[in-house]
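Structure record follows, encoded as structure tokens.
The values are calculated or read from the model by the stated rules, or taken from the named source; none is laboratory data. Worth saying up front: this structure is predicted, and the values here are computed from it rather than measured. Positions of Cβ are generated from backbone atoms using ideal geometry, with glycine treated the same way; all protein chains shown enter the neighbour counts.
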Amino acid sequence: MALRNIVTEGDSVLTKVSRPVTKFDRRLHVLLDDMTDTLVDAGGVGLAAPQVGVLRRAVVVDTGEDGILELINPEIIEESGEQTGLEGCLSVPGKYGIVTRPNYVKVRAQDRDGNWFEAEGEELIARCFCHELAHLEGQLYTAVAERMLTPEELKAMMEEDEDQ
Ligand code: NI
């Protein structure tokens with residue numbers, strides 16, 4: 001298990017466009033394994049390679065029941081509907097914003113060995129696909145959020161969490 005350092009807002013690596021993955025080698029597999037370890041350790045839903053300082057088009061998503069999904073060179077090929085809700089990011093700790101995303105998203109991506117496949121998701125997973133793919137374009141959700149939660153709203157949210 002190897003954890004990588006998660007870079008945070010203000011680091012220029014988060015605003016750059018990532019390059020396609022062209023080598024599906026051991027180096028990529030180590031990166032993906034480390035990204036999964038880092039995601040699970042941080043308790044997040046998704047993590048993109050630039051968030052660990054690597055400008056390559058690779059993403060890991062925790063889909064819950066189906067485990068970790070690795071998306072290499074992913075593209076959105078279909079989307080529909082709309083959802084508006086809370087969004088956060090491991091690279092923007094302690095903040096949340098309100099973001100509108102499609103409610104359904106289908107992506108096309110390669111697996112760690114270079115095989116193309118399609119994956120689809122609704123609600124949280126669709127939101128996560130959009131959020132993580134935006135990282136590969138150097139975009140943070142804070143740039144598309146309708147608004148960020150106020151300190152009062154954050155405090156209320158944390159207290160609600162504690163009550164559960
Ligand atoms: Ni993020």
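Brief remarks on what is shown
- For the range 122-135, the candidate set comprises residues that are more than 11 Å from the ligand (Cβ to nearest atom) and touching a Leu at 6+ places or on another chain (Cβ under 9 Å); within that set, the residue that is farthest from Ala58 (Cα to Cα) is Ile125.
- Residue that is farthest from Leu149 (Cα to Cα) [pool: residues in the range 94-121 that are out of contact with any Phe, Trp or Tyr (no Cβ under 8 Å at 6 or more places or on another chain), assigned to a strand (DSSP E or B) and within 16 Å of the ligand (Cβ to nearest atom)]: Arg101
- Candidates Ala156, Ala109 - the one that is among the small types (Gly, Ala, Ser), under 23 Å from Leu39 (Cβ atoms) and either in contact with a strand residue (DSSP E or B) (Cβ under 7 Å, 6 or more places away or on another chain) or at pLDDT below 95 (or both): Ala109
- Restricting Ala109, Ala156, Ala143, Ala134 to residues that are loosely packed, with under 14 Cβ neighbours inside 10 Å and closer than 20 Å to Gly46 by Cα narrows the list to Ala143.
- The strands (runs of 3 or more DSSP E) found entirely in the range 48-93 include none that carry 2 or more residues being touching an Asp or Glu at 6+ places or on another chain (Cβ under 6 Å), within 13 Å of the ligand (Cβ to nearest atom) and not β-branched (Val, Ile, Thr).
- Of all residues in the range 4-42, those being part of a loop (DSSP other than H, G, I, E, B), surrounded by fewer than 15 Cβ atoms within 10 Å (Cβ to Cβ), of a type outside the set (Lys, Arg) and away from the ligand (no atom under 13 Å from the Cβ) number 6.
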